Amino acid sequence: MVNENSNFILEMKGISKSFPGVKALDQVDLAIRPGTVHALMGENGAGKSTLMKCLFGIYREDEGEIYLEGKRVHFENPKDALENGVSMVHQELNQVMKRSVAENIMLGRFPKKYGLVDHKEMYRYVEEVFKDLNIKVNPRAKINTLSVSQRQMVEIAKAVSYDAKILILDEPTSSLTEQEVDQLFEIIRLLKSRGLGIVYISHKMEEIMEISDDITVFRDGKWIATNPASEMTTAKTINLMVGRELTNRFPEKNHQVGEPFLEIKNLTGKFQPNIKDISFTLHEGEILGIAGLVGAKRTELLEAIFGISTLETGELYLKGEKIVNKNPGDAIKNGFSMLTEERRATGIFPVLDIAANSVIASLENYKNGPLLSNSKTKTATKWVIDSMNVKTPSQRTLIKSLSGGNQQKVILGRWLLTEPKILLLDEPTRGIDVGAKYEIYQLIIDLAKRGNGIIMVSSELPELLGICDRIAVMSNGKLAGIDEAKHLDQEKILELCGKYL
């Protein structure tokens, strides 16, 4: 069947999709013009990623029709979609970590010579793709040696290399610095000029307004509106997404910063490159932000504090008493908790349900004798779901079936159940919508009110400036500066970011 009168490169009409206990999509329409960026916006669980997975052959829609270049299509699986010009870069990167960049890009379609993989041709082809997109990554490097941002660029190059007509980018900038976002946008503009239709899923308002031509808003699995980006404002978009006014982006900082609580002295990582001679003090009820470019070793600092990585030198003092976090188990016993950046790799237990994921860090609290208490587990999980506003059919839903933002909420709730004194947060709002971000900001401030000390890494400078009391800036593993948030702005922070480069 051919839809000959269409001016769209992609049309999705009346798409519905249900899962046990929830209707994820309800008669949703979407139309993409060639040579444009079409942003999909909505709160976590609104149906954005589900719709794209129906297009990409990961899910099969229950109802509806899909037209690509006027021809009705249905892709049985992602390979089918890729071979027909539909590529998708997922929010959670799925890569073969011990293999090279080129092997990851050519997986499943290696060039052959005499029945064997033609490595020379493979590397030549990948170098050509990178040159075309101005991506500066060594095709021979192992994926596990790259930063998250470099891995993201590799995935985009892989998607484009399939001669894509439609490119789906799901939260592509969640781990990128401003400079890397600029590079990504240059690539997107290049692809636009070649006539690609680009679907851009993001929660970052400033980016959406800068890069998009059209904006479609979903809410609770339903289409709400499609408008030219030029006619949209941040306030109007948020109102359509959440169905209510959200007058302030950040809650009021009404907590009090108290006495010195955690003292960090001369932390230096054992294996280089790593953190170098880091010292600072965290106060009771303080939210301390950690800023820095990708590669500044912000995550490594949190891992050193939490006992994940090995130290060459360094001491921790909690309320004046020396403590040793040899490993995460020690750290948890000493009152620390850590929310990791890569929730799929180091956060969730995908084959377990929400209940198990909620209580797994504090199992001893939910036992009757040697066995887990079903009633105690239910009560704790209900608290996580209610306090974090997790959208789920039940406690027994597998966590892998939740949206990325709802997974993040469960993990945060898990750590709060351990009743930590010090909370280490690595990109806590990554991939979370604007309404849920506000809820998490409020929760962080409420924890500070109770006297908890909070150290928070974020790549979003407005976020750090909006909720933190002080901001420490990392540069190439060193502490480049630390000051009260009210004395800093984005320019000053970026200047410090480059201090030791």
Discussion item. For the stretch 27-84 and the stretch 431-500, what is the centre-to-centre distance using only Cα atoms, to the nearest Å?
Written reply: 36 Å
Worksheet entry | Förster-model FRET efficiency, 30 Å R0, ARG109 and ASP62, C-beta, rounded to 0.05 | 0.45
Worksheet, complete the sentence: For the stretch 60-180, dividing by residue count, accessible area per residue (probe 1.4 Å) in Å² works out to 49 Å²
Practice prompt. Would you mind checking the tilt of helix 404-417 against the longest principal axis of the Cα atoms of the chain, expressed as 0 to 90 degrees and rounded to 10?
Written response: 10 degrees
Worksheet entry | Over the chain, relative contact order from alpha-carbon pairs under 8 Å, at least 6 apart, % | 16 percent
Worksheet item: Under 12 Å from the Cα of LYS71, which aspartates and glutamates turn up, not counting those fewer than eight places away in the same chain?
Response: GLU4, GLU11
Fill in: Order of exposure, largest accessible area first, which applies to THR379, THR226, THR216 with probe 1.4 Å
THR379, THR226, THR216
Worksheet, complete the sentence: Two pseudo-spin positions, 7 Å from Cα along C-beta at GLU210 and at LYS499, lie apart in nanometres by 2.5 nm
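For the chain, give the share of DSSP beta bridges that are antiparallel, in percent and rounded to the nearest 5; count only bridges with both residues there.
Numbers: 48 of 83 bridges.
Restricted to the chain, the bridges split so that about 60 percent are antiparallel.
How many percent of the alpha carbon pairs in the stretch 1-151 exceed a separation of 27 Å?
39 percent
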Worksheet item: For the stretch 391-481, which whole percent of the accessible surface, found with a 1.4 angstrom probe, sits on carbon and sulfur atoms?
Response: 48 percent
Worksheet entry | Fraction of accessible area attributable to carbon and sulfur, the stretch 12-104 (%, probe 1.4 Å) | 46 percent
Worksheet item: Counting only protein heavy atoms, what percent of the accessible surface of the stretch 278-330 is carbon or sulfur at a 1.4 Å probe?
Response: 45 percent
Practice prompt. Using a 1.4 angstrom probe, figure out how much accessible area the stretch 325-377 has per residue, in square angstrom, rounded to the nearest whole.
Written response: 50 Å²
Worksheet entry | Cross-link table LYS136/LYS165; LYS333/LYS499; LYS449/LYS492; LYS326/LYS492, entries beyond 30 Å C-alpha to C-alpha | LYS333/LYS499; LYS326/LYS492
Worksheet item: To the nearest 10 degrees, how steeply does helix 374-388 sit against the main Cα axis of the chain, on a 0 to 90 scale?
Response: 70 degrees
Worksheet item: In the full protein assembly as shown, how much of ARG249 is accessible to a 1.4 Å probe, in Å² to the nearest 10?
Response: 110 Å²
Practice prompt. May I ask for the angle, rounded to the nearest 10°, between helix 178-193 and the longest principal axis of the chain, with both axes built from Cα atoms and the value confined to 0 to 90°?
Written response: 10 degrees
Worksheet item: What is the stretch 308-364 by shape, rounded, prolate or oblate, if you read a ≥ b ≥ c off the alpha carbon gyration tensor as root eigenvalues and call it rounded for a/c under 1.5, prolate for a/b larger than b/c, and oblate otherwise?
Response: prolate
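The values are calculated or read from the model by the stated rules, or taken from the named source; none is laboratory data. The structure presented is a predicted model; accordingly, all values stated were derived computationally and were not measured. Here the Cβ is made from the backbone with ideal geometry for all residues, glycine too, and neighbour counts use every protein chain on show. Note: areas computed on protein heavy atoms with side chains; ligands, DNA, RNA excluded. Shrake-Rupley method; radii C 1.70, N 1.55, O 1.52, S 1.80 Å.
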